[in-house]
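Okay, structure first, notes after.
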Amino acid sequence: MILPACVLMAPDDIIGLKQAAHLAGKDPKTIRDWCRKHGIGSRPGGGGPYRVSLPGLQMVIAEDWRALELLREGRRSAPEVMRHLHFLGLAA
């Protein structure tokens, strides 16, 4: 199985695994699985703490796969992505 590339994350987009789990109401293991399956987070150096994309997490929770793909492409100004960024109070 080929895993998707991780979304690009602006510094203000990054949250930790525990915070992501709390916001999503999910177990941290589920968030780790989502990071791998949907490319919404990574572990720098392969062993550091997870860095999760807050917009990516929101898109997975909302099952907005189109917006997630646009975010992965770096198209933060696309209306589908802007909707989530605005909801989260993040800049494009």
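Quick one: net charge of His38's neighbours, Cβ under 14 Å, K/R +1, D/E -1? Intermediate values should be presented prior to the final figure.
On the way: positive: Lys26, Arg32, Arg36, Lys37, Arg66, Arg72; negative: Asp33, Glu63, Asp64, Glu69.
The answer is +2.
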Checklist outcome for this item: Loop-resident GluC sites (Glu not before Pro) in the range 19-80 with no more than 11 other Cβ atoms inside 10 Å, DSSP not H/G/I/E/B, are Glu63
Checklist entry - Quick one: if you stick a label point 7 Å off each Cα along the C-beta vector at Ala92 and Asp33, how many nm between them? => result 3.5 nm
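Run the helix sum for the chain: -39,500 (n - 2.57) per DSSP H stretch of 4+ residues, divided by residue count, reported at 222 nm to the nearest 500 deg cm²/dmol.
Values: 5 runs with 45 residues, N = 92.
It comes out at -14000 deg cm²/dmol, rounded to the nearest 500.
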Checklist outcome for this item: Here the chain gives, from Cα atoms, an Rg and Dmax in Å of 12.0, 35
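Read the figures in this text as sums done on the coordinates, not as results from a lab. All of these numbers come straight from a predicted model, not from anything done at the bench. Neighbour counts are summed over all protein chains in view; Cβ atoms, including those assigned to glycine, are modelled from backbone coordinates with ideal geometry.
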